[in-house]
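Colleague: Here it is, the structure, as structure tokens.
The values are calculated or read from the model by the stated rules, or taken from the named source; none is laboratory data. All values reported here derive from a predicted model rather than from experimental measurement. Because the Cβ atoms are built from the backbone with ideal geometry, glycine has one as well, and the counts that use them run over all protein chains shown. For accessibility, only protein heavy atoms count, side chains too; no ligands or nucleic acids. Shrake-Rupley method; radii C 1.70, N 1.55, O 1.52, S 1.80 Å.
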Amino acid sequence: MQNWLNLIPIFFILLTSLVICLGTSWRSILVAMAIMVFGLFFLYLQIWDIFMTGAKLITGWMCAAILSFTTAYQSNVEEIGITPKRLFKIMALIMVWMVAYVISSRINDLFGVSPEIAFTALALIGSGLLQLGFSSQTFTVIVGILIFFFGFEILFADLENSILVNAMILAVDLLVAFVGAYLITITRQEANE
Amino acid sequence: MSAPVIWIVIPFIAALVLWFLQDKRRLSLLISVGLSFLLGLLALFQNINSAFRIGSVVINIPSTMTILGRNFILGNDDRIFLAFIFLSMVFWCFSAQAVGTSSKFIPISFAVVSFLIAALSVEPFLYSAIFVELAVIVCLPILVKRGKPVGKGILRFLIFQSLAMPFILLAGWILSGVQTSFSDLRQLYLAALFLGLGFAFWLGIFPFHFWIPEFCEENDFFANGFVLSIFPASIILIMLDFINGLTWLRDSAFLVPVLRVCGTLMIATGGIWAAMQKNLRRVIGYVAILQTGFLLVDISLQTELGTKPFYFSILSRGLEMGLLILALKILQGEDQEINLSNIDGKFKEYPLATIGLLVGMFSSAGLPLLASFPSRVILFTSLTDTPNIIYWNLAGCIAVLLITCSILRHFFGGRISHGSLQETRLQELLIGAGLIIILIIGVFPSVINQTLWSKISVLLTMK
């Protein structure tokens, strides 16, 4: 561990990925996503200058905001308590984190990325994949894709410092959120009316 | 005016203009068909890096456009792809009108084509991943219908296409680092692995192909068919371009067996699974898998002899997919489901659409006197050193033949329909044109071989 203070944002990122994976309600998922982006902001600060980092933060929050526009079309049913399904998700997520921890040193060897960033990236990629594997709803799939991208982006930010590539990736994030919001609203519009 | 401006920027601007002309469908159709035809012809007959003359006006067409230090390069070797994609757009625009699909289809299809050409032409290569992802995101609005839930197939399409982007970006980054020195074999193999995974996600290569039949089954089949027709052809050309650019990858010992095994698995599973389906939309999905498999096996030949069946396969695949999708969409009408059980006696109501569907299926199976037959003959004669690959490829083709015979039995048998002819003049014209082209390619392969291949080979060797 190069910087022990990194443990604080990493803890929040892992916690929020757990909240998203458990998927109690759309509100908690979006709030968790916004906190996750804020946690990532502190890790980005160690790689980039404040301007690019700020752009990442704002884009992440905008993605959450765009998805929140679809609130009228979301189900308000909240799952309460620890069900076997949730327990399984928690176990799966812990396994993903363990695998990410083991692989992060290899990623460090291969790409020269700092171990805490490699661990965070792999944990987010794994959480995103887990989310994609578990869910069949448009909203959760879009959130899963975004988390997968967030994980990849922090790894890639340490490797590639081209502003254009990173700006285009940010545009892709925003478009994914936009298209997700579009898919949710257009397919539910008639049912709600 | 550079080539990328003509074939990337103009279609993109056209997409924006056509978006605002959605209510005026006839005008929108005229503009889209006219522009596609013009761009297709220009790609066929106008050399890049030379002057284009209209009377006294001379326009130079350089191959490169630079934006923020990144180059978009469209050379003469890309012209055959450009001609193919824009001439097929003529068909897709007419077909969209013929089957009355969503008014968004034409503008969005132009934007998709523009992004895919940008992906093919951009350098450094890693930007292609982003452009393909943009094309995927842009095409989503035409895949869903208002008030209908988004199906698993469409979500899986989005997931798998999105998963490809990081792998291609990482591979591009590794390769940009090792281009000067190839001593680090570990990095090279890692790049090859990432590339393989990225292309496998994009193309739906075995075992990532299971979303394709589900995707075909959902919502607007016509738009889904467009995506299944345009995306794999474009991505396989991007892949070919990339393999050709990396000598170590082209000469590596693992490339040929990997392509051959993956392609054969797709052909065999695609064909055999197609034979077990009752839903015709799923059958078309499996046929698309089979066709992509054949393209991979074509690439694995890696000789001039292999290039020929590859380009013929791309052409015949485009024709067959177009014909199959149009015919099935006409047969489907307003119904969502089109099964073997509800097509009994449809021949009386839809004679040309049923013939179009059957010919498209028989051609996909590689039956003699149809479009795919010449390329399959070249392919199988080139694979004589690996008979197992031929046997499995033939098994896939025979399975497609079996399901086609079953469809044929249902079309002409069962309860006799007393309905009148349901096809419109435009539908008849499009299906008729498709049938004639497929028959001409199949019946006169040597003529096509000489005229088309002489043109393609000249373009491929031009710089």
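Colleague: Could you give every pair whose Cβ atoms fall below 9 Å, whose first residue belongs to the stretch B:173-190 and is in a loop (DSSP other than H, G, I, E, B), and whose second residue is among the hydrophobic types (A, V, I, L, M, F, W, C) and modelled with pLDDT under 70, counting only separations of at least 6 or pairs across chains?
Modeller: Pairs found: B:184/B:178.
Colleague: Turning to a different aspect of this structure: Give B:240, B:324 a once-over and let me know the one that is surrounded by fewer than 19 Cβ atoms within 10 Å (Cβ to Cβ) and within 17 Å of the chain's Cα centre (by Cα).
Modeller: Result of the check over B:240, B:324: B:240.
Here is a yes/no grid of residues against (1) closer than 27 Å to residue A:171 by Cβ; (2) buried (at least 21 other Cβ atoms within 10 Å of the Cβ); (3) modelled with pLDDT under 90; (4) in contact with a strand residue (DSSP E or B) (Cβ under 8 Å, 6 or more places away or on another chain):
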{"site": "A:7", "(1), (2), (3), (4)": "no, no, yes, no"}
{"site": "A:17", "(1), (2), (3), (4)": "yes, yes, no, no"}
{"site": "A:31", "(1), (2), (3), (4)": "yes, no, no, no"}
{"site": "A:46", "(1), (2), (3), (4)": "yes, no, yes, no"}
{"site": "A:51", "(1), (2), (3), (4)": "yes, no, yes, no"}
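Colleague: Pick from B:324, B:340: which is farther than 27 Å from residue B:97 by Cβ, assigned by TED's automatic domain parsing to the domain that holds residue B:272 and not basic (Lys, Arg)?
Modeller: Matching residue, one of B:324, B:340: B:340.
Colleague: Another one. Would you say residue B:351 is touching a residue at least 40 places away in the same chain (Cβ under 8 Å), open to solvent by 20 Å² or more (accessible area, probe 1.4 Å), of a type outside the set (Asp, Glu) and farther than 24 Å from residue B:282 by Cβ?
Modeller: Judged against the criteria, residue B:351 is a match.
Colleague: If a residue must be among the aromatic types (Phe, Trp, Tyr) and either open to solvent by 10 Å² or more (accessible area, probe 1.4 Å) or within 12 Å of chain A (Cβ to nearest Cβ) (or both), how many such residues does the stretch B:107-121 contain?
Modeller: Selection size over the stretch B:107-121: 1.
Colleague: Among the residues of the stretch B:122-139, write down those that are open to solvent by 10 Å² or more (accessible area, probe 1.4 Å) and assigned to a helix (DSSP H, G or I).
Modeller: Listed by number, the residues that qualify are B:131, B:134, B:138.
Colleague: Which of the residues belonging to the stretch A:129-169 are more than 9 Å from every other protein chain (Cβ to nearest Cβ), buried (at least 21 other Cβ atoms within 10 Å of the Cβ) and within 18 Å of residue A:27 (Cα to Cα)?
Modeller: A:131, A:139, A:143, A:146, A:147
Colleague: For residue A:172, are the conditions met, namely being open to solvent by less than 40 Å² (accessible area, probe 1.4 Å), closer than 17 Å to residue B:140 by Cβ, within 11 Å of chain B (Cβ to nearest Cβ) and at pLDDT 90 or above?
Modeller: yes
Colleague: Write out, first by first residue and then by second, each pair whose Cβ atoms fall under 8 Å of each other, whose residues are 6+ apart or on separate chains, and whose first residue, in the stretch B:248-271, is farther than 19 Å from residue B:399 by Cβ while the second is open to solvent by 30 Å² or more (accessible area, probe 1.4 Å) and among the hydrophobic types (A, V, I, L, M, F, W, C).
Modeller: B:248/B:182
Colleague: Take the stretch B:48-73 and flag every residue that is assigned to a loop (DSSP other than H, G, I, E, B) and open to solvent by 60 Å² or more (accessible area, probe 1.4 Å).
Modeller: Correct list: B:49, B:55, B:56, B:68, B:69.
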